[in-house]
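First comes the structure, then the notes that go with it.
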Amino acid sequence: MIADRVSLLSSGNVVTLETEPVDPRDIFRGDYVVLRYAISNIALTAYKGTSDLAKGDTVYVELSKNTAGKWRPVALDTRMMEPAEGNHIIRGRITRIDKRSPRLTPERKKPREVPCPLCGTAQIKYGIESYFVPEGSGRDIEHARNRAELTVDVALADNGEAAIKSLSMDGKTIYNEPLF
C-alpha cells in the first residue's frame, strides 16, 4: 500500500488543476480544505460510450492541455481509454447526472426545469476533493481558492488513479505531499 502511494506520487504524470470556489458553509472543516475543480462538471456531450451514465458509475476522463496551459476534459467514458499524445486519463466516480436545464416560464415568473439532452452534465469526484493542512493555515488557502489563485498538482497513475502532489498559491508551491 505504501509502495503504491510512493510510486504514484513519484510518477512523471502530473497535471495542474484549477480550483473553484466552494459554498462558504462547507469551506473548511477541521484540519482540511475542501477542493473543487474545473474538471468536476463535464458536459455529457464529451461522453463516448453508448449506455446511459448513472450516479455511482466509475468513469475515465481524458484531460488535454489547452493553449492557455489549462487542463480540460475532452472525453468521458466508462471504459479506460487510450489518451492522445500528451493527454492524461483521470479516474472518477459520478456523483450526479443533470439532464435538465432551467428555463423561464412563459410568464417569466419562476424558472422550471425542462429536459435538455444537449445541456446535460456529469458531476464527478476524483478522490482529491480534500487536503489536510496544518491547523490554522486553512483560511489563507480558502481565500486563495475562492479568488481562483490556488492550483493543485495531481499525480496520475496509468490506471487513472489520482493523488494530490502539491498545492500552489499564486504560482508558488505552499505544500508538498510527503511520500510517507
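The values are calculated or read from the model by the stated rules, or taken from the named source; none is laboratory data. Note that the coordinates shown come from a computational prediction; the quantities given were computed from them, not determined experimentally. Every residue, glycine among them, receives a Cβ derived from its backbone with ideal geometry; neighbour counts consider all protein chains shown.
Within region 118-131, can one find any residue that is surrounded by 13 or more Cβ atoms within 10 Å (Cβ to Cβ), at pLDDT below 90 and among the β-branched types (Val, Ile, Thr)? Yes - at least one qualifying residue is present in region 118-131.
Being at pLDDT 85 or above and surrounded by 11 or more Cβ atoms within 10 Å (Cβ to Cβ) is a property that does not hold for Glu113.
Quick one: is Gly136 under 18 Å from the mean Cα position of the chain (by Cα), in a loop (DSSP other than H, G, I, E, B) and small (Gly, Ala, Ser)?
Considered against the rule, which asks whether it is under 18 Å from the mean Cα position of the chain (by Cα), in a loop (DSSP other than H, G, I, E, B) and small (Gly, Ala, Ser), Gly136 comes out as no.
If only residues of region 160-177 that are touching a helix residue (DSSP H, G or I) at 6+ places or on another chain (Cβ under 7 Å) and touching a residue at least 60 places away in the same chain (Cβ under 8 Å) are counted, the one that is surrounded by the fewest Cβ atoms within 10 Å (Cβ to Cβ) is Glu177.
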